[in-house]
Amino acid sequence: MSTAFPKAAKVALGMPQLRSNLAHATGAIRAKRTDVAGELDDWEELRSTAAAVKADVQHRLPELALEFERNARAAGARVHWARDAAEANRIAARITCEAGADEVVKVKSMATQEIELNEHFEAEGLAAWETDLAELIVQLAEDRPSHILVPAIHYNRTEIREIFNERMPDAPSDLTDDPAALAEAARLHLRRRFLSAKVAVSGANFAIAESGALVVVESEGNGRMCLTMPETLISVVGIEKLLPRFDDLEVFMQLLPRSSTGERMNPYTSVWTGATEGDGPEDVHIILLDNGRSGVLADEVGRQALSCIRCSACLNVCPVYERTGGHAYGHVYPGPIGAILAPQLEPGEHDDLPYASSLCGACYEVCPVKINIPEVLVHLRRQGPHGAGERAVMGAAQRVMARPRLWRAALRAARFLSRPWRGRGHVRRLPWPGSKWTGSRDMSVPPRLSFRDWWKERER
Amino acid sequence: MNRIGLFITCVNDALYPETPKAVVTVLERLGYEVDFPQAQTCCGQMHANSGYRDHATGLARGFERAFGEYEAIVTPSGSCAAMARDQYPDLIGGGIGARVYELSEFLIDQAGVDDVGARFPHTVTYHPTCHGTRALGLGDKPLRLLRAVGGIELIDLPEPDQCCGFGGTFALKNAEVSSAMLDDKCRNAAGTGAEYLAAADNSCLSHIGGGLSRAARASRGVPKPIHYAEILASAP
């Protein structure tokens with residue numbers, strides 16, 4: 001079994017600036033989300049409806065995917081199917097080359113992060129430029145995103161100013177760490193990219209089966225620039241993003257902004273259906289991406305992870321994420337949703353992530369599509385593998401607990417053996433593996449008289 | 001439903017006898033007859049949540065054997081009650097899970113009592129444990145019972161809904177993260193200046209108490225952990 005998470009978490013816990021940045025940022029979004037979700041009387045009904053729509057999509061996925069393909073084609077889009085990351089990247093690179101381009105501008109997209117499109121393009125001698133402010137910061141820093149929605153959440157503005165000064169060639173020499181000044185510097189930098197790009201790459205928040213339309217929800221307007229200015233548009237869309245009807249957006253557009261940024265409404269929502277002559281890109285491609293999703297779909301308990309709309313509310317409330325940040329998870333999807341999605345998308349990998357949770361349930365409480373994350377975590381833990389030592393301990397404990405007489409004898413033995421510590425009331429240090437506990441907490445000592453003794457005494 | 005099966009939980013069986021004694025005191029004070037089935041051991045939560053489904057199923061069957069005859073089974077643990085109610089239907093079927101009540105649920109919903117006639121002239125801060133609050137939906141039931149206690153002064157715990165970091169085997173498998181969560185819980189608890197930190201689960205209290213007792217060696221005025229049932233049992 002992998003021990004990557006506990007190790008990486010330990011490193012992250014040793015970085016006080018990171019912890020303070022994370023606690024500050026997640027705390028602020030958390031409070032905003034609670035406020036705006038509380039404004040809607042029918043919040044719980046919206047959540048239930050969204051969960052039902054997503055469950056319906058999962059039941060009818062093949063049918064809806066074909067309906068989407070048919071309608072998108074009829075509207076002038078070219079639809080490609082990609083079994084995995086490599087296939088999706090090959091298709092995207094080929095389209096870019098055929099358009100006579102050697103660079104693309106990008107809308108923030110988790111699907112392209114997942115398939116590592118930027119890295120693939122670089123290997124092919126193509127350049128992919130992120131245009132979302134936070135993604136730009138992360139790309140300039142040659143770092144990886146640490147949050148689904150706020151990829152640069154691990155940086156504060158002073159650190160961002162340093163990144164711009166050192167790595168953005170056209171950064172003004174007198175750049176301050178004022179957020180407006182930082183945004184203006186990025187805006188001027190990006191404007192040149194938008195004006196010269198021939199090809200854009202996006203993901204999509206929703207894909208509407210009945211019309212073949214795609215929907216992108218964003219805050220900065222960089223997405224709108226990418227989606228309208230270049231001649232060629234390539235959208236990489238996970239097949240779970242389908243919604244049956246345009247009207248379903250009514251539900252999701254109330255849930256998504258409130259759950260993600262804590263806003264009632266996001267600033268920019270772009271909807272496009274195929275290609276329209278004289279209006280936006282005329283060479284429109286959609287890559288429908290599987291990359292492990294059909295495998296997840298086959299698992300009746302685990303498939304609810306495919307309902308995720310990437311709002312990241314679960315990250316912001318997670319006490320584990322708040323302390324470790326996203327990098328510790330070692331996957332593009334961090335936090336509670338990553339802990340159930342990563343091991344399912346890549347079976348056999350990330351098998352320590354289902355344990356990166358105290359099962360406190362805060363994630364389930366806020367999830368706008370009601371993914372029962374604790375349930376799936378436990379479900380994945382049941383698939384193992386479990387270490388031999390642990391299996392032995394768990395098996396022995398079960399054998400004792402399954403036999404009341406043996407259990408009572410074990411408790412008597414524990415009371416007897418712990419006598420030397422009873423005076424103090426607790427044990428300060430135990431040998432391994434008990435040291436895992438006593439590293440930071442004292443251990444209680446069994447009492448002289450158990451409840452059972454007391455009960456027997458009283459019955460006499 | 002005057003006869004109640006008391007499920008004390010394995011943690012209390014091994015370490016904390018005062019809590020189930022307190023439950024007996026409170027229930028008898030209200031006129032209930034309390035039985036303690038000797039064959040009880042563990043609800044199976046540790047095995048179930050660590051991924052050992054078959055082991056958990058065996059323990060759930062044992063629970064059913066010990067408590068099958070009771071209409072109401074009361075336990076002073078939010079997480080064990082949640083285990084029985086949420087996971088037993090899947091593990092062993094049948095309706096026994098639905099007959100398991102956490103103490104405050106039983107007192108408020110079944111017995112219809114807020115005031116159990118206790119007196120506890122101390123300052124207390126209350127930590128709502130995760131499984132009790134979220135999985136079981138206890139809401140503020142334990143707090144409602146505490147508010148009715150004579151002489152008590154309740155002090156709000158900052159960031160109450162933040163997990164203490166226990167999480168069963170999580171405390172061992174991800175000991176560093178768990179400890180970081182514990183540090184924050186202990187700091188918030190100590191900041192209240194309360195004499196006691198109360199909660200509805202001794203497994204969480206074992207964790208928080210283990211952190212607080214360490215903190216108590218460094219500074220004075222750190223709250224002592226206490227199960228809220230023990231407050232309810234204090235003499236009027």
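Key figures
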read-out	value
Unmet requirement for B:Arg220, which otherwise passes all of (1) in a loop (DSSP other than H, G, I, E, B); (2) more than 7 Å from chain A (Cβ to nearest Cβ); (3) in contact (Cβ under 8 Å) with a residue 24 or more places away in the chain	(3)
Residue satisfying condition, being within 14 Å of chain A (Cβ to nearest Cβ) and surrounded by 17 or more Cβ atoms within 10 Å (Cβ to Cβ), within set B:Gly137, B:Gly168	B:Gly168
Any hit, segment A:89-99, residues being out of contact with any strand residue (DSSP E or B) (no Cβ under 9 Å at 6 or more places or on another chain) and at positive phi	no
Lone unmet requirement of (1) over 25 Å from B:Gly165 (Cβ atoms); (2) more than 8 Å from chain B (Cβ to nearest Cβ); (3) not aromatic (Phe, Trp, Tyr) for A:Ile373	(1)
Residue list for segment B:56-81, restricted to those being free of Cβ contacts under 8 Å to residues at least 60 places away in the same chain, among the charged types (D, E, K, R) and more than 10 Å from chain A (Cβ to nearest Cβ)	B:Glu64
Qualifying positions in segment B:2-25 - part of a helix (DSSP H, G or I) and more than 18 Å from B:Phe63 (Cβ to Cβ)	B:Glu18, B:Thr19, B:Lys21, B:Ala22, B:Val24, B:Thr25
Residue tally, condition on the phi > 0 side of the Ramachandran plot and at the interface with chain B (Cβ under 8 Å from one of its Cβ atoms), over segment A:354-370	2
Test result for A:Val427, more than 22 Å from the chain's Cα centre (by Cα), modelled with pLDDT under 95 and facing another protein chain (nearest Cβ under 10 Å)	yes
Those residues of segment B:99-126 which are of a type in the set (Gly, Ala, Ser) and more than 12 Å from B:Leu136 (Cβ to Cβ), in sequence order	B:Ala111, B:Gly112, B:Gly117, B:Ala118
Residue satisfying all of: in segment A:1-24; among the charged types (D, E, K, R) and surrounded by fewer than 18 Cβ atoms within 10 Å (Cβ to Cβ); nearest to the other protein chains (Cβ to nearest Cβ) among these	A:Lys10
Per-region count, segment A:401-424, residues within 8 Å of chain B (Cβ to nearest Cβ) and among the aliphatic types (A, V, I, L, M)	4
Residue that is surrounded by the most Cβ atoms within 10 Å (Cβ to Cβ), among those in segment A:374-424 that are among the β-branched types (Val, Ile, Thr) and farther than 30 Å from A:Tyr364 by Cα	A:Val400
Test: residue in segment A:120-132 that is modelled with pLDDT of 95 or more, among the hydroxyl-bearing types (Ser, Thr, Tyr) and closer than 30 Å to A:His24 by Cα	yes
Segment A:430-457 - residue that is in a helix (DSSP H, G or I), more than 7 Å from every other protein chain (Cβ to nearest Cβ) and under 29 Å from A:Gly389 (Cβ atoms) and, of those, modelled with the lowest pLDDT	A:Ser435
Residue tally, condition out of contact with any helix residue (DSSP H, G or I) (no Cβ under 7 Å at 6 or more places or on another chain) and over 19 Å from B:Tyr101 (Cα atoms), over segment B:47-72	1
Of residues in segment B:41-55 being within 7 Å of chain A (Cβ to nearest Cβ) and in a loop (DSSP other than H, G, I, E, B), the one surrounded by the fewest Cβ atoms within 10 Å (Cβ to Cβ)	B:Ser50
Neighbours by Cβ (under 8 Å, 6+ apart or cross-chain): first from segment A:267-293, surrounded by fewer than 18 Cβ atoms within 10 Å (Cβ to Cβ) and acidic (Asp, Glu); second outside any helix (DSSP H, G or I) and modelled with pLDDT of 95 or more	A:Glu282/A:Glu231; A:Glu282/A:Ala275
Residue within segment A:278-294 that is on the phi < 0 side of the Ramachandran plot, among the hydroxyl-bearing types (Ser, Thr, Tyr) and under 21 Å from the mean Cα position of the chain (by Cα) present	yes
Residue match in segment B:152-163 (condition: facing chain A (nearest Cβ under 8 Å), under 30 Å from B:Leu27 (Cβ atoms) and either assigned to a helix (DSSP H, G or I) or without any contact (Cβ under 8 Å) to a residue 40 or more places away in the chain (or both))	yes
Any pair with Cβ under 6 angstrom, 6 or more apart, that starts in segment A:94-122 at a residue that is assigned to a helix (DSSP H, G or I) and ends at one that is at pLDDT 95 or above and of a type in the set (Lys, Arg)	A:Met110/A:Arg310
Among (1) within 12 Å of chain A (Cβ to nearest Cβ); (2) modelled with pLDDT of 95 or more, the one test that B:Tyr228 misses	(1)
Subset tally (residues that are without any contact (Cβ under 8 Å) to a residue 40 or more places away in the chain and at the interface with another protein chain (Cβ under 10 Å from one of its Cβ atoms)) for segment B:15-33	2
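The values are calculated or read from the model by the stated rules, or taken from the named source; none is laboratory data. Values in this document were obtained by computation on a predicted structure and should not be read as measured data. Cβ sites come from the backbone with ideal geometry, for glycine too, and all protein chains shown count toward neighbours.
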